[in-house]
1. Within segment 300-330, which residues are charged (D, E, K, R) and either over 11 Å from the mean Cα position of the chain (by Cα) or open to solvent by less than 10 Å² (accessible area, probe 1.4 Å) (or both)?
2. Contact list please: Cβ distance under 6 Å, first residue in segment 12-26 and in contact (Cβ under 8 Å) with a residue 40 or more places away in the chain, second residue within 13 Å of ligand 1 (Cβ to nearest atom) and part of a strand (DSSP E or B), pairs at least six apart or on different chains.
3. Yes or no: Ala285 of a type outside the set (Phe, Trp, Tyr) and farther than 27 Å from Asp14 by Cα?
4. When Arg29 is evaluated against the numbered criteria (1) away from ligand 2 (no atom under 16 Å from the Cβ); (2) farther than 12 Å from Ala318 by Cα; (3) open to solvent by 60 Å² or more (accessible area, probe 1.4 Å), which criterion, by number, is the only one it fails?
5. Filter segment 69-91 for residues that are part of a helix (DSSP H, G or I) and within 13 Å of Ser11 (Cβ to Cβ) and give the result.
6. Looking at (1) surrounded by fewer than 19 Cβ atoms within 10 Å (Cβ to Cβ); (2) more than 20 Å from the chain's Cα centre (by Cα); (3) more than 26 Å from Gly218 (Cβ to Cβ), which is the one condition that is false for Tyr268?
7. What do you reckon, is Arg304 charged (D, E, K, R) and in contact with a strand residue (DSSP E or B) (Cβ under 7 Å, 6 or more places away or on another chain)?
Amino acid sequence: MQDLTVLALESSCDDTAAAVVRGRPGAARVLSSIVLGQNDLHADFGGVVPEIAARAHAERLDICVKQALTQADLPLSAMDAVAVTAGPGLIGGVLSGVMCAKGICAGAGLPLIGVNHLAGHALTPRLTDGVAFPYLMLLVSGGHCQFLLVRGHDDFSRLGGTIDDAPGEAFDKTARLLGLPQPGGPSVQAEATKGDPKRFRFPRPLLDRPGCDLSFSGLKTALLRARDALIADQGGLTEQDRADLCAGFQAAVVDVLAEKTRRALALYMAETPAEPVIAVAGGVAANTAIRAALETLSSGTGTRFLAPPLALCTDNAAMIAYAGLERFAAGQSDDMALSARPRWPLDQTRPAMLGSGKKGAKA
Ligand code: KG4
Ligand code: ZN
């Protein structure tokens, strides 16, 4: 098969991104990847404001596409197709991307490929390491939390997911409750290294129930109670209190993720993959304690643990270009009727369990 070159647009949350990827399924490389963040625009509001995000995407997508083509040193005419995130995500942002991609395709006479954002994350190990199907994927970020058994480029089984918050959200809220800087993940992790994880015993939600579903909102409430009890007792928090609270919280997240991953791995291994792989994606995968626990688990079952470079784990358009390339290579594409889908579960047999995520619907 000939190499394919795909341009992609991603605008489902608060990152405006464009990228060019070239190659074949399982053997592709990133020619360019541009991500324009919006943190400064949302900083005053304590979360992503959908309307502000959508406007920023609409204003910057064309600039982003131009930069991606320049970085790849290729003209638009060198593209074989244009891929775009068609959901799930914040509707205004997804619409901005889909409209922009349609315009490019109409103007340049290129095929249009709608991509599920979660498929982009889930197929990243094939872009970075050419991993063979089936593999196990754990998506853990500020907006996602699910275990996916990836059997093909459009064949996913969701083994479990969060029933409320995503873990990144829980880290961010914990940081906010303790007056630590955002994003909360890195600051809570740094505090935790100085703390005693046993001083506060936080709950391990859903461990008593079978299956791979997770819950993080109760943890946040437990932390709030522990903090308020300390303040009522002593009139405030000491440095050590803060560190111990972070250590206790992180230990609970690690325990829950490790146990649910152990169960997901057992389900995956039942498929007897020839070269078992567990891959992670999402900003929370940067957490060293979580990584260490997952590595221990995977090595215990002879499974390769794979963490793609962080820039490809967090939201980006290279993963969308690659997922589009897989679809296009399989003879799939869309027409101008492609619609933006704010909710779009990857596994149609297991409909989404929606939480109250700061980043919109968790599919
Ligand atoms: O994938 P990502 O960049 O964006 C989306 O959520 O879409 O993930 C960001 C999330 C934030 O909630 C951040 O606090 C969390 O990942 N995060 C971490 C760490 N680094 C980033 N959480 C725990 N430990 C970390 N070291
Ligand atoms: Zn994402």
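1. We begin by selecting, within segment 300-330, every residue charged (D, E, K, R); these are 304, 315, 326-327.
Result: Arg304, Glu326, Arg327.
2. Hits for this filter: Ser12/Thr85; Asp15/Val35; Asp15/Gly37; Ala17/Glu10; Ala17/Val35.
3. Numbers: of a type outside the set (Phe, Trp, Tyr): yes; farther than 27 Å from Asp14 by Cα: no.
Spelling it out, it is not the case that Ala285 is of a type outside the set (Phe, Trp, Tyr) and farther than 27 Å from Asp14 by Cα.
4. (2)
5. Initial filter on segment 69-91 (part of a helix (DSSP H, G or I)): 69-72, 76-78, 91.
Result: Ile91, single match.
6. (1)
7. Taking the combined requirement at face value, the residue satisfies it.
The values are calculated or read from the model by the stated rules, or taken from the named source; none is laboratory data. Because the structure is a prediction, the values reported are computed rather than measured. Note that we place each Cβ from the backbone using ideal geometry, even for glycine, and neighbour counts take in every protein chain shown. To get the accessible areas, we keep the full protein, side chains included, count just its heavy atoms, and leave off ligands, DNA and RNA. Shrake-Rupley method; radii C 1.70, N 1.55, O 1.52, S 1.80 Å.
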